[in-house]
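Please read the structure below before turning to the comments.
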Amino acid sequence: MRVKIHHEGTNILLVIAAIIIVVNVPLWLWVRPIGWPITSTVAWGVVFLLAMNFFRSPRRHFEGDPKNAVVASADGTVVALEEVYEPEYLKTRCIQLSVFMSIFNVHANWFPVDGEVIYATHHPGRFMAAYLPKSSTENERSTVVIRTTGGQLVLVRQIAGAVARRIVTYAEKGTDANIADHMGFIKFGSRVDIYLPLGTETFVNIGDTTTGGITLVGRLKPQT
């Protein structure tokens, strides 16, 4: 897989690079002993590399059968897999599959299914730890609903965390959803919930790791 830097991180990386130059050039010119500029340069270099790691955007292609497939929307760890009631849009009982992203994961979010976006909205909220169950309804979040090519409704929710306070959602009502495309991006640690129709076959368990755009997490039951 080829990896590039996500455009959401370009400006941040440029700012960090500028700070590195402004802070460290004078240190190398005028500060002695030499250990101080060396320490500062190494420290800022680590910050820059961590930021690059966070904003990496690998090009991915799902290799399986896309028919009725549900593919992970995010890199991370499965923290919830249960039957719940979804009150915002679906207003019915669903299977909730939640993936928590640490600051070391890729933070681009993929569409989990092919279809059409029929609902997309942003909700202001709190910034509790994203792994807490009530973060799904109380934290800053964006909700996207997709009508699949098979006619099923799948809801995806991007959730901000205690550190992540910037949710970017590219999905808009009326646009096509494709599992190969980015649905959005969340900056600095967060969570993505997918709400699936009852009867969906799931292939992951709590504690499993997922790779966005690659891991097959479920398969929708064909409608009769």
To the nearest 20 Debye, how big is the dipole of the chain about its Cα centre, given +1 on the beta carbon of each Lys and Arg and -1 on that of each Asp and Glu?
540 debye
For the chain the mean separation of alpha carbon contacts under 8 Å (6+ apart) over residue count, i.e. relative contact order in percent, is 25 percent
Stretched out fully, how many nm does the piece from residue 173 to residue 104 gain, at 0.36 nm a residue minus the Cα gap?
21.7 nm
Could you give P(r) for segment 172-224, binned at 5 Å from zero, as whole percent values over all Cα-Cα pairs?
4, 12, 21, 26, 23, 10, 4, 1, 0
For the chain, just list the percent of Cα-Cα distances falling in each 10 Å bin from zero outward, please.
8, 32, 32, 14, 8, 4, 1, 0
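Using mean Cβ contacts within 10 Å as the protection proxy, how do 75-84, 143-152, 93-102 order, highest first?
93-102, 143-152, 75-84
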For an R0 of 30 angstrom, estimate the FRET efficiency from the Cβ-Cβ distance between residue 180 and residue 47 and round to the nearest 0.05.
0.40
Compute the FRET efficiency between residue 27 and residue 59 as 1/(1 + (r/R0)^6), taking r as their Cβ-Cβ distance and R0 = 35 Å, and round to the nearest 0.05.
0.35
Calculated from backbone phi, Karplus (6.51, -1.76, 1.60) coupling profile of segment 10-16 in Hz, x at Gly/Pro:
4, 5, 5, 5, 5, 5, 4
Would you please give the residues with an amide H less than 5 Å from that of residue 139, counting only those at least 5 places away or on a separate chain, with H modeled from the backbone geometry?
126
Could you work out the relative contact order of segment 1-123, using alpha carbon pairs under 8 angstrom and six or more residues apart, expressed as a whole percent?
26 percent
Inter-site label distance for residue 89 and residue 67 at 7 Å from Cα along Cβ, in nm
2.7 nm
Sequence gap at least 6, Cα distance under 8 Å: using those rules, report the relative contact order of segment 56-110 to the nearest whole percent.
39 percent
For segment 1-125, using Cα atoms only, the Rg and Dmax in Å read 21.4, 67
What ranking do 27-37, 57-67, 108-118, 212-222 get when scored by the average of other Cβ atoms within 10 Å per residue, highest first?
108-118, 212-222, 57-67, 27-37
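Only the coordinates and a few stated rules stand behind these numbers; no lab work does. Just so you know, these numbers come straight off a predicted model, no measurement behind them. FYI the Cβ positions are ideal-geometry reconstructions off the backbone, even for glycines, and counts take in every protein chain you see.
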